[in-house]
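Undergrad: If you scroll down you'll find the structure; I have some questions about it.
Any read-out appearing in this document is the output of simple, stated calculations on the displayed coordinates, not a laboratory observation. Quick caveat, the model's predicted, so the values are computed rather than measured. So basically every Cβ, Gly included, is an ideal-geometry build from the backbone, and we count neighbours across all protein chains shown.
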Amino acid sequence: MLVLGIDTATAQVGCAIGGHEGVLASFHVSRGRRHAETLVPAVEFLCRQAQVELDEISAVAADVGPGLFTGLRVGVVTAKAMAMALRVPVIGVSSLDLLAFPVRWTHRRIVSVVDARRGEVFYGFYRQVPGGVQRLSEHRVGDPEELCSEVLATGDECLAVGDGALRYAEQLQELTRVEIGEAGLAYPSAGSLVQLARAQALREEFINPWELTPVYLRKADAEINWLVRDRPPPDAGLGA
């Protein structure tokens, strides 16, 4: 069984192909934020390098967020379209799960943090369990102060990973029991996506392509801007 993984939830575009041998090939680029222009050529390049034909793919996996609205939408739409064209099922995996998975060997509490822009972060808490990680909280969106308060409340030694952890490293490092993950752990890995998705595929935890939905946690920036623009000023309607 071969799984194609597509990851565009953050500033990085990634894709990978893997099977029982592990990850056969992967592609990542994090400059330019040209998700739509980069993704399909990247998949074609990946297949050529791995010597895999698209009709050999048994399932398509996608990072469903939370993440940046435009990039996330590109990945989910592409995954759905490819799965329908190939007539294969899809598997959705959280971006925060993908950040935690590569550091599953740590005995510290894992804090996955994605930069949500607008002074906010998406985050979640995890711990090591045999064979992987276990999610300890719902996915949340909040400002760095809220994140730091929750980290402090755990009372545990923590390892914070993701581009959000790097962006707000100064605030997090003021909490003496927190270590910040290296830059190589800034973005979800398409290779990790394939590994986690293949395990789900073996358990037949599939969904139909049209059931794949992104996890936004908040409105798109464009919608927020419209709401702010249409909001009346504080003194609107008041008499002289």
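Undergrad: Which one is right for this structure if P(r) over Cα pairs in 10 Å bins from 0, in percent is calculated from it: (1) 8, 28, 33, 18, 6, 4, 2, 1; (2) 8, 31, 32, 19, 7, 2, 1, 0; (3) 7, 34, 41, 16, 1, 0?
TA: Working out P(r) over Cα pairs in 10 Å bins from 0, in percent from the coordinates points to (2).
Undergrad: While we're here: Please give the Cα centre distance for region 42-60 versus region 98-161, rounded to the nearest Å.
TA: 33
Undergrad: Using the Karplus curve 6.51 cos²θ - 1.76 cosθ + 1.60 with θ = phi - 60°, what ³J(HN,Hα) values do you get for each residue of region 34-39, in whole Hz, with x for Gly and Pro?
TA: For region 34-39, the Karplus-derived couplings read 9, 4, 5, 6, 8, 5 Hz, x marking Gly and Pro.
Undergrad: Per residue of region 111-125, in order, report the coupling 6.51 cos²θ - 1.76 cosθ + 1.60 (Karplus, θ = phi - 60°) as ³J(HN,Hα) in whole Hz, putting x for Gly and Pro.
TA: The phi angles translate into 10, 8, 9, 9, 5, 8, 6, 6, x, 10, 9, 9, 8, x, 10 Hz.
Undergrad: Taking the simple approach of a point 7 Å from Cα along Cα-to-Cβ for both ASP143 and LEU175, what is their distance in nm?
TA: 1.7
Undergrad: Something else about it: Which loop-located GluC sites (Glu not before Pro) does region 47-122 contain, where loop means any DSSP state but H, G, I, E or B and the Cβ has at most 14 other Cβ atoms within 10 Å? All intermediate terms of the calculation are to be shown ahead of the outcome.
TA: Numbers: sites: GLU53, GLU56, GLU120; in loops: GLU53.
Sites meeting the loop and neighbour criteria: GLU53.
Undergrad: Here is a further query. Of ALA100, ALA160, PRO130, which is farthest towards the positive pole of region 95-167's charge dipole, taken about the Cα centre with +1 and -1 on the beta-carbons of Lys, Arg and Asp, Glu respectively?
TA: PRO130
Undergrad: Filter the trypsin sites (Lys or Arg not before Pro) in region 20-87 to those in DSSP coil with at most 14 other Cβ atoms within 10 Å of their Cβ, and list the result.
TA: For trypsin sites (Lys or Arg not before Pro) across region 20-87 that sit outside H, G, I, E and B with at most 14 neighbouring Cβ atoms in 10 Å, the list reads ARG31, ARG34, ARG87.
Undergrad: I'd like the per residue volume of the convex hull spanned by the Cα atoms of region 96-185, given in cubic angstrom. Walk me through the numbers on the way to the answer.
TA: Numbers: hull volume 7.3 nm³, N = 90.
Residue-normalised Cα hull volume stands at 81 Å³.
Undergrad: Would you tally the net charge around ASP63, using a Cβ to Cβ cut-off of less than 10 Å, leaving ASP63 out, and scoring K and R as +1, D and E as -1? All intermediate terms of the calculation are to be shown ahead of the outcome.
TA: Details: positive: none; negative: ASP7, ASP97.
Overall, the nearby charge balance is -2.
Undergrad: Per the helix-only calculation at 222 nm, which mean residue ellipticity applies to the chain, given -39500 (n - 2.57) for every DSSP H run of n ≥ 4 and division by its residues, nearest 500 deg cm²/dmol?
TA: -10500 deg cm²/dmol
Undergrad: Moving to a separate point now. Once the other residues with Cβ under 11 Å from the Cβ of THR154 are scored (Lys, Arg +1; Asp, Glu -1), what is the net sum?
TA: Numbers: positive: ARG108, ARG109, ARG127, ARG177; negative: GLU150, ASP156, GLU157.
Spelling it out: positives minus negatives among the neighbours equals +1.
Undergrad: Still on this model: Percent relative contact order of region 31-163, based on C-alpha pairs within less than 8 angstrom and at least six residues apart? Walk me through the intermediate numbers first.
TA: Values: 195 pairs, mean separation 26.1, N = 133.
Relative contact order of region 31-163: 20 percent.
Undergrad: When the chain is fully extended, how far beyond the present Cα-Cα distance does GLU205 get from ASP156, taking 0.36 nm per residue of separation?
TA: 14.4 nm
Undergrad: With +1 on the Cβ of every Lys and Arg and -1 on the Cβ of every Asp and Glu, and nothing else charged, how large is the dipole of region 102-191 about its Cα centre, in debye rounded to the nearest 20? Please report the intermediate quantities before stating the final value.
TA: Working: 10 positive and 14 negative charges, 81 e Å.
Dipole magnitude for region 102-191 comes out near 400 debye.
Undergrad: Report, by chain and number, residues whose modeled amide H sits under 5 Å from the one on ALA61, excluding near sequence neighbours (fewer than 5 apart, same chain).
TA: LEU4, GLY5, ILE6, ILE91
Undergrad: Could you tell me which trypsin sites (Lys or Arg not before Pro) in region 129-187 are loop residues by DSSP with no more than 13 other beta carbons within 10 angstrom of their beta carbon? If you can, show how the numbers build up before the last one.
TA: On the way: sites: ARG135, ARG140, ARG167, ARG177; in loops: ARG177.
Loop-located and lightly packed - ARG177.
Undergrad: Taking the Cα centre of region 65-122 as origin and charging only Cβ (+1 Lys, Arg; -1 Asp, Glu), how large is the dipole, in debye to the nearest 20?
TA: Values: 8 positive and 3 negative charges, 12 e Å.
The dipole of region 65-122 has a size of about 60 debye.
Undergrad: For region 49-64, take each phi angle, set θ = phi - 60°, evaluate the Karplus expression 6.51 cos²θ - 1.76 cosθ + 1.60, and give the result in whole Hz per residue in order, putting x for glycine and proline.
TA: So the J values, rounded to whole Hz, are 5, 8, 6, 10, 8, 4, 6, 8, 6, 9, 7, 10, 10, 9, 6, 9.
Undergrad: Provide SER94, SER58 in ascending order of the number of other Cβ atoms located within 10 Å of each residue's Cβ, fewest first.
TA: On the way: SER94 22, SER58 15.
In increasing order of surrounding Cβ atoms, one gets SER58, SER94.
Undergrad: Further question on the same structure: So what is the relative contact order of the chain, in percent, for Cα pairs below 8 Å that sit 6 or more residues apart? Don't skip to the end; give the middle numbers.
TA: Values: 494 pairs, mean separation 54.3, N = 240.
Reported as a whole number, the value is 23 percent.
Undergrad: Mind checking the dipole of the chain: about its Cα centre, +1 per Lys or Arg Cβ, -1 per Asp or Glu Cβ, Debye to the nearest 20? Numbers along the way, then the final one.
TA: On the way: 23 positive and 30 negative charges, 46 e Å.
With Lys and Arg at +1 and Asp and Glu at -1, about 220 debye.
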